Amino acid sequence: MNRHQKEIDKAMNSVNKAQIAANASYWKPQYHVSPLANWTNDPNGFVYYKGEYHLFYQHNPYESVWGSIHWGHVKSSDLAYWTHLPISLAPEMEYDRDGCFSGSAIEKDGMLYLMYTGNQWTGSNYDTDLKQFQCIAVSEDGVTFHKIAENPVIPAAPEGDIHPNHFRDPKVWKRGNAYYCVLGSRTNDQAGQVLMYRSADLIRWEFVNVIAGGDPKLGFMWECPDLFSLEHHDVLILSPQGMKPEGHLYHNLHQSGYLLGRLDDETGTFHHWDFNLLDYGFDFYAPQTVLDDRGRRIMIAWMAMWESEMPEQQHGWAGAMTIPRELKMKDDKIISVPARELRKLRQDEVTAEHVPVSGKVELEGVSGDCLELEACIDAQSAFIFGIRFRCDDHGKEATILSYDRLTGMLALNRNESGKGPGGIREVPVDLVEGELHLRLFIDRSSVEIFIQRGEKVMSARIYPQESSTGIEFFADGLIILNKVRAWKLRNCRPSLGTYLR
Ligand code: FRU
């Protein structure tokens with residue numbers, strides 16, 4: 001058996017042992033992708049390959065903290081039910097000895113290619129003492145990957161105002177006969193930027209240009225770029241590190257958003273408009289997209305944030321992915337809506353219509369810790385109204401979503417959500433003919449809120465007690481719940497042992 005396979009087996013043994021404890025954790029998601037045990041951060045290699053969605057993820061199989069980065073692997077035929085596959089990449093070559101960092105996937109000649117960043121620490125300071133290399137691994141069956149002999153395929157960053165060491169997260173695509181990739185980078189004086197390369201065969205790469213960046217207001221480093229076309233626009237997704245807060249914006253440690261523009265792939269120039277966030281909650285980073293066989297652009301992100309307190313670490317696991325979201329354009333902005341296949345998870349529908357609320361109201365059958373809740377609220381005479389969910393019986397624990405009509409801001413407050421970090425995030429929202437439309441996806445330790453049919457989204461990790469399952473609508477004047485629908489969502493967490501070959 002080769003060394004890579006030995007390392008993978010060792011890693012899987014570790015996860016197999018640890019998954020018993022992790023699976024016993026109440027906070028383990030029931031329908032979101034999360035590692036069987038131990039750590040995950042970014043989604044990687046999201047691809048539609050031979051009729052199935054494959055998703056890889058940054059994974060430490062040995063501990064519930066970041067380190068020893070491998071690639072975990074899940075697949076799905078419908079974006080709703082996911083199956084765990086063996087770990088696909090383990091660090092063991094000189095060029096990736098300190099981690100198989102983020103990257104992407106593409107099909108070529110029926111084979112699945114992963115393009116990732118090999119990381120080397122060259123000293124003890126992780127900000128300055130590192131080298132990064134772009135590498136390829138190939139699979140014929142979509143399960144077992146071998147690293148190619150030509151690695152690293154991009155051995156060093158190009159010359160110019162380009163930081164030589166911070167050079168990572170290739171996202172690859174094909175246009176015409178050529179392959180392209182974008183890479184996260186920074187200038188020598190610390191402004192984020194994105195590099196573009198071109199290749200005829202995925203092995204030999206030529207540097208085309210710095211396509212965007214250099215504005216210090218947009219952070220010191222751009223991680224995890226993604227570039228694609230969406231309804232007549234080109235879109236550059238990026239995850240800038242170190243943007244300063246501005247009003248209600250940029251209060252997380254790092255951000256993820258997009259630039260709309262036009263790419264000239266001959267010259268490698270990207271003329272674009274302003275930066276916009278993809279999610280206004282607390283926990284959303286390093287999103288990656290895939291174009292599927294139906295022409296949909298689907299995005300998944302890491303639902304956590306660097307340096308955040310993660311109470312699930314004590315239970316032997318950490319991190320989860322968002323639900324898959326379809327990206328669409330509306331009025332020159334990206335909107336994100338839950339992939340429609342998630343409807344397969346719905347059961348026990350409860351519906352209510354034309355319910356007046358002044359003060360507070362609970363609806364029969366609307367409660368839980370694993371559900372989808374859709375509410376169409378007519379603001380009528382209320383100034384402040386919203387939904388409290390994951391409430392306990394004593395009025396002590398609740399996560400609060402409230403709309404303030406005077407400021408036009410929707411606020412998500414997790415100060416009393418339970419364990420874990422608190423805080424409030426706000427987003428401006430316009431009522432549409434007096435109505436606020438909300439769709440909440442609640443899982444054991446998370447909530448994702450789709451506002452006005454995906455115009456804005458807020459995602460958060462929350463860590464309530466198991467018994468905190470109450471949901472109530474509240475208003476300081478009169479509101480009418482024009483329509484409320486709620487569904488319990490099926491538990492599709494994999495059973496123990498699915499990791500064994
Ligand atoms: C983003 C990131 C990437 C890097 C990976 C390492 O969250 O920092 O830039 O490749 O995580 O795990």
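The values are calculated or read from the model by the stated rules, or taken from the named source; none is laboratory data. Model, not experiment: these values are computed from the prediction. Here the Cβ positions follow ideal geometry from the backbone for every residue, glycine too, while neighbour counts run over all protein chains shown.
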- [ ] Check the stretch 224-232 and report whether any residue there is within 16 Å of the ligand (Cβ to nearest atom), of a type in the set (D, E, K, R) and assigned by TED's automatic domain parsing to the domain that holds residue 165.
- [x] yes
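Filter the stretch 368-392 for residues that are acidic (Asp, Glu), part of a loop (DSSP other than H, G, I, E, B) and surrounded by fewer than 20 Cβ atoms within 10 Å (Cβ to Cβ) and give the result. Break it down stepwise before answering.
Step one: list which residues in the stretch 368-392 are acidic (Asp, Glu), which gives 369, 372, 374, 378, 392.
Now restrict to residues that are part of a loop (DSSP other than H, G, I, E, B): 369, 392.
Listed by number, the list holds a single entry, 392.
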TODO: Provide a single number: the residues in the stretch 251-274 that are over 16 Å from residue 336 (Cβ atoms) and of a type in the set (Phe, Trp, Tyr).
DONE: 2
Open item on the list: For the structure I just gave you, tell me whether residue 242 is within 16 Å of the ligand (Cβ to nearest atom) and buried (at least 23 other Cβ atoms within 10 Å of the Cβ).
Closed with: no
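Go through the stretch 278-367 and tell me which strands (runs of 3 or more DSSP E), entirely inside it, have 2 or more residues that are surrounded by 21 or more Cβ atoms within 10 Å (Cβ to Cβ) and in the same structural domain as residue 228 (by TED's automatic domain parsing). Full working, then the answer.
Working: elements: 285-291, 297-302, 325-330, 333-338, 346-361.
So the answer is 285-291, 297-302, 325-330, 333-338.
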Task: Output for the stretch 43-98, where each listed residue is surrounded by fewer than 24 Cβ atoms within 10 Å (Cβ to Cβ), within 14 Å of the ligand (Cβ to nearest atom) and under 25 Å from residue 173 (Cα atoms) - done: 91
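Select, from 484, 427, the only residue that is at pLDDT 95 or above, β-branched (Val, Ile, Thr), surrounded by 15 or more Cβ atoms within 10 Å (Cβ to Cβ) and within 19 Å of residue 252 (Cα to Cα). So that I can check it myself, show each step before the final result.
Working: 484 fails: within 19 Å of residue 252 (Cα to Cα).
Result: 427 is the single residue among 484, 427 that is at pLDDT 95 or above, β-branched (Val, Ile, Thr), surrounded by 15 or more Cβ atoms within 10 Å (Cβ to Cβ) and within 19 Å of residue 252 (Cα to Cα).
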Open item on the list: Criterion first (without any contact (Cβ under 8 Å) to a residue 60 or more places away in the chain and either of a type in the set (Lys, Arg) or more than 16 Å from the ligand (Cβ to nearest atom) (or both)) does residue 331 satisfy it?
Closed with: yes
TODO: Would you be able to tell me the number of residues in the stretch 20-39 that are outside any loop (DSSP other than H, G, I, E, B) and either assigned by TED's automatic domain parsing to the domain that holds residue 446 or crowded, with 24+ Cβ neighbours inside 10 Å (or both)?
DONE: 2
TODO: May I ask you to list pairs of residues, at least six apart or on different chains, whose Cβ atoms are under 8 Å apart, with the first in the stretch 392-415 being free of Cβ contacts under 8 Å to residues at least 40 places away in the same chain and over 22 Å from residue 468 (Cα atoms) and the second being among the charged types (D, E, K, R) and surrounded by fewer than 19 Cβ atoms within 10 Å (Cβ to Cβ)?
DONE: 408/430
TODO: Starting from residues that are in contact with a Pro (Cβ under 6 Å, 6 or more places away or on another chain) and of a type in the set (S, T, N, Q), keep the ones in the stretch 284-310 and report whichever is nearest to the ligand (Cβ to nearest atom).
DONE: 288
TODO: Under 7 Å between Cβ atoms, at least 6 apart or on separate chains: pull out the pairs that start in the stretch 141-158 with a residue that is basic (Lys, Arg) and end on any residue that is at pLDDT 95 or above and not in a loop (DSSP other than H, G, I, E, B).
DONE: 147/4; 147/135; 147/137
Task: Number of the exception - residue 279 against (1) of a type in the set (Asp, Glu); (2) closer than 26 Å to residue 331 by Cα; (3) more than 16 Å from the ligand (Cβ to nearest atom) - done: (3)
